[in-house]
Amino acid sequence: MGFFRDLFQREQRTDRRIADESPEPQEPSTRNLSKNIDYILYALKRTEDLKVRILKKGDAALLYFEPLVDQEKVQASIFTPIEIGKVDSIHEIPNAKETRNLEEAVNSLLRGHAIYIEDDNRRISQFNVTSVFNRNVDEPANEKVVRGAHDGFVENIMVNINLVRKRIEHRDLKVKFYRVGKKTNTNLAILYMEGIADPEVILKMEERIKSIDADKVQSPGYIEEFIEDSAWSPFPQMLNTERPDRVVANLMEGRVALFTEGSPTSLIAPSTFFMFYQAPDDYNTRWYTGTFIRLIRLASFLIAIGLPALYIAIVSFHFEVIPDDLIAPIKSSINEIAYPPVFEALVMVVIIELIRESGIRLPSPVGQTIGIVGGLVIGDAVVRAGLVSNVMVIVIALTAISSFVVPSNELSTTLRLLTFPLIGLSATLGFVGLIFGFLFIAVHLTKLESFGVPYFAPIAPLRLTDLKDTFVRLPIFMLKTRPKDAHPLNDKAIEDSRKWKKNEQQSKKP
Amino acid sequence: MKRLCLIFLVSMLTLTGCWDQRQFKNIKLALSIGVDQGSNGEIVKTVSVPTVSGGGDGGQINETIQTLSTDGHTMLEARDKIDRMLAHSFNPSKMEVVILGEDIAKKDIYPILDNYYRNPNSNLNAHLAIAEGEAKDVLSFKGGGEARISEYLKGILDGAAAASRTTGENLQMICAELVEDGEDFTVPLIKLNEDDNTIKFNGLGLMSGDRYSGVKLSAEQAPLLMLMMGNKGRVAQLTKKVNEHQKEEILDYITVEVMKYNKDLKIHPSEEEVRVDIVLDLDVRVIEYPHDHLVSEKVIDDLNGKLKETLTTEAEEIFSVLQEGNSDVFAIGRKIQAYHPKVWEKLDWEEMYPEVQFNPEINVTIQQHGIVN
């Protein structure tokens, strides 16, 4: 495999041409108005929402998709200039884009443009009169922060890029557009910092985007599965976020952000395991707090995947490790349970997942009711009925809470899934199985790559200086170099920013 | 091939099932175990097994204790017989206390403990104690305020270790001393007092080799021995008589707590005689002295002197008891063996130990006397 990968990479290194325009189909317009209109109508399958407005007593026509255009914009950009007499003909309006290619005209119609054609003239004028419906740039519901920016991406790619550009006013921020999806023709953009991001990563990204050959590309979730390195891995290899500040921070580390039209989620690659545990909050609070919270979060990883398995291993194999004073409470709670602990755990985990899943779909007032009914009533009744022991309820509840601590929803679902194999292993082999399970996960994480970059960096390969923003969050002025995992071209992120301190001390001395 | 491997792996994990599971709910834990000498040379094993219930719905945990007794030729045979009397299976891996009857302790105790040392699951953290009388009576005891006899016994032994009355050694720590030559140990003695319905710590039994010598140190002597052995627990408290014929008897006594201690043990071995000098320096705090008036240095010096005198005499008594029981708890023999191997070869330690000349010297310095003078 490695050989093929090398071959693949070498090919990319030699081929430096980026974004070569694939030749679009050509169909020259004719001088005959009705022939032109016929061609367009035929191309668009005589769809009935295509409006053809005949102007100049049949000598000219204005075509547009009625649902796509904003009537006011049509008025303002096409008819108003004529009415006030600035120009004589619609062709003369300066903000028109001209073409003589009917295929291009069809595509621009689909984009929401209006086209104007005259008889005896091959010119086609296109006007951008698309109507846009945007929601506000509200804070994303699944990535709330206490302090920090409260805006989030929306479904419009231009607004999203606007949010990023506003935050990085620098000439090195580069945007590249692609069209993916043969039928949906979705607009896709990648953003990166030229001079920081590794060109090889960008090449890989482009190569993979171009190889997407599908009718429909709906959301970053689609694209993620097309372009990620190991689709079989349970771990997400691209970070999903709806927060502009998170995207900006990652761009500045030399990563690439990917946006698609119609989705507020952006994908960030290459990403590492520990990126999923960094939240914008860490950098907005004092660094002690940031460090503490991050350590809690990382502990939640172990709890979320290992606690039920550990408990099962203890009560089914190694009860010697239970402290003397806990023997009576634990034994009395599980003594009269009909099922073995594995079964108890699975029942509880499934119940929790059911409650969670039903809570998502329902409107929020009902969702709360479900939470109370599910959490309190079922939790209590299940113990009273003797189906599940109360220790197991504590264990599973703690596990569920821990899995929600992760700032990324993707990793949170992964963690909840990883619980199951570990439960199985520890129910069959006890501590031995549990250790084997953790070992498998560790081996897998170490082997995993995201766009040619080690996923488990900076632990494997170990890079001590990058630990400064992994388990702990040192003060910002000490995070002088960018993490090495994304292979940034430029290492230095922060120069000596506390020079003032030396200056003040020097000025005090004499 | 890959698919075949996967099928093997999956079936290995799923088809094996739970064949070696030891469900915690399907066992009966023996928390305290007692061993006595039977009348025909067999051993009598007594266990107390708690059965808990009612913890499921958050209510009160009900606990009933079964005390079962049976005889057998070996410990495991007896366990097997007990298992027949119990619902579920018997498991001693959380045992907290092992109590030996006085009679069986006077024989070799290793054979009794052998099965615990051999089994990796057994709790070597358990306490070992000798019951004056029958272990069965102790385990059948009901009362003492604690729910379980094991908790009561464990509490007594933990408390004794904290108050520097015992070494606090568990089965694991005793093991080495049991099999080594030239090193003996003490085992806490407990006594069932049927008159006032209590069990109490009743001194230290002195082991000689691998059997109980039958000679014991009283609970009052124990702290001083522990200090000389360098085995102070959390607190070490000594109450001594320092005055004579005061108005009230209570005024004759002083209670001190040891703050810091320093022991120095020197062995001067030769083939004819072995001399051992023990110097123990105690920095103490007066915690009770009803006589009061600890104002002048003269009074304090006076008390230091009296305490030194009393404690040194007491130490000499302790050593004579140790020699009576032929119990080398200071591991003098082992030290001679290690540092003077040539002398050791020529010594018959069993014979020699009672002849060893011990010269204890206990220096006491009162450092604090509380917040009143």
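We did not get these values from a lab; they are worked out from the coordinates using the rules stated. Since the structure is predicted, the reported quantities are computational estimates derived from the model, not experimental observations. All Cβ positions, glycine included, derive from the backbone under ideal geometry; neighbour counts span all protein chains shown.
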Looking only at segment A:448-459, decide whether some residue is without any contact (Cβ under 8 Å) to a residue 12 or more places away in the chain and of a type in the set (D, E, K, R).
-> no
Hey, A:LEU445 surrounded by fewer than 22 Cβ atoms within 10 Å (Cβ to Cβ) and touching a residue at least 60 places away in the same chain (Cβ under 8 Å) or not | yes
Among B:ILE104, B:ILE149, which is in contact with a helix residue (DSSP H, G or I) (Cβ under 6 Å, 6 or more places away or on another chain) and more than 13 Å from chain A (Cβ to nearest Cβ)?
-> B:ILE149
Quick one: is B:ILE250 more than 20 Å from B:LYS346 (Cα to Cα) and within 30 Å of the chain's Cα centre (by Cα)?
-> no
Would you mind finding the one in B:SER53, B:SER69, B:SER89, B:SER48 that is within 14 Å of another protein chain (Cβ to nearest Cβ) and within 26 Å of the chain's Cα centre (by Cα)?
-> B:SER48
Search result, residues across segment B:152-170 that are part of a helix (DSSP H, G or I), in contact with a strand residue (DSSP E or B) (Cβ under 9 Å, 6 or more places away or on another chain) and away from chain A (no Cβ under 14 Å) | B:ILE156, B:GLY159, B:ALA160, B:ALA161
Scan (1) of a type outside the set (A, V, I, L, M); (2) surrounded by fewer than 20 Cβ atoms within 10 Å (Cβ to Cβ); (3) in contact (Cβ under 8 Å) with a residue 40 or more places away in the chain for the single condition B:SER150 breaks and write down its number.
-> (2)
Any idea how many residues of segment B:134-147 are out of contact with any Ser or Thr (no Cβ under 7 Å at 6 or more places or on another chain) and surrounded by fewer than 22 Cβ atoms within 10 Å (Cβ to Cβ)?
-> 8
Within segment A:263-281, restricting to residues that are within 13 Å of the chain's Cα centre (by Cα) and within 24 Å of A:ARG135 (Cβ to Cβ), the one that is surrounded by the fewest Cβ atoms within 10 Å (Cβ to Cβ) is A:THR265
Might you check whether a residue that is within 22 Å of the chain's Cα centre (by Cα) and among the aliphatic types (A, V, I, L, M) occurs anywhere in segment A:459-480?
-> no
Does A:PHE292 fit the bill of being within 25 Å of the chain's Cα centre (by Cα) and more than 14 Å from chain B (Cβ to nearest Cβ)?
-> no
Any chance A:TYR116 is in a strand (DSSP E or B), surrounded by 17 or more Cβ atoms within 10 Å (Cβ to Cβ) and within 38 Å of the chain's Cα centre (by Cα) | no
Does B:GLU316 satisfy the criteria of being of a type in the set (D, E, K, R) and touching a Pro at 6+ places or on another chain (Cβ under 9 Å)?
-> yes
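Per-residue answers, yes or no, for (1) closer than 23 Å to A:ALA279 by Cβ; (2) crowded, with 17+ Cβ neighbours inside 10 Å:
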{"position": "A:VAL154", "(1), (2)": "yes, yes"}
{"position": "A:LYS174", "(1), (2)": "no, no"}
{"position": "A:PHE177", "(1), (2)": "no, no"}
{"position": "A:GLY195", "(1), (2)": "no, no"}
{"position": "A:PRO199", "(1), (2)": "no, no"}
{"position": "A:MET205", "(1), (2)": "no, yes"}
{"position": "A:ARG208", "(1), (2)": "no, no"}
{"position": "A:PRO234", "(1), (2)": "yes, no"}
{"position": "A:GLU242", "(1), (2)": "yes, yes"}
Please list, ordered by first then second residue, the pairs with beta carbon atoms under 8 Å, 6 or more apart or interchain, first in segment A:106-118 and under 12 Å from A:LEU55 (Cα atoms), second surrounded by fewer than 20 Cβ atoms within 10 Å (Cβ to Cβ) and hydroxyl-bearing (Ser, Thr, Tyr).
-> A:GLU118/A:SER89
From the list B:THR74, B:THR70, B:THR64, pick out the single residue that is more than 21 Å from B:GLU151 (Cβ to Cβ), of a type in the set (Val, Ile, Thr) and surrounded by fewer than 16 Cβ atoms within 10 Å (Cβ to Cβ).
-> B:THR74
Checklist (1) within 24 Å of the chain's Cα centre (by Cα); (2) touching a residue at least 60 places away in the same chain (Cβ under 8 Å) applied to A:LYS484, failing item | (2)
Among the residues of segment A:64-79, is any surrounded by 12 or more Cβ atoms within 10 Å (Cβ to Cβ), in contact (Cβ under 8 Å) with a residue 12 or more places away in the chain and closer than 21 Å to A:ASN32 by Cβ?
-> yes
Run down B:GLU183, B:GLU146, B:GLU177 and say which single residue is of a type outside the set (Gly, Ala, Ser), in a loop (DSSP other than H, G, I, E, B) and farther than 28 Å from B:ASN197 by Cα.
-> B:GLU183
Mind listing just one residue for me: the one in segment A:417-437 that is surrounded by 17 or more Cβ atoms within 10 Å (Cβ to Cβ) and more than 14 Å from chain B (Cβ to nearest Cβ) and, of those, nearest to A:ILE396 (Cα to Cα)?
-> A:THR419
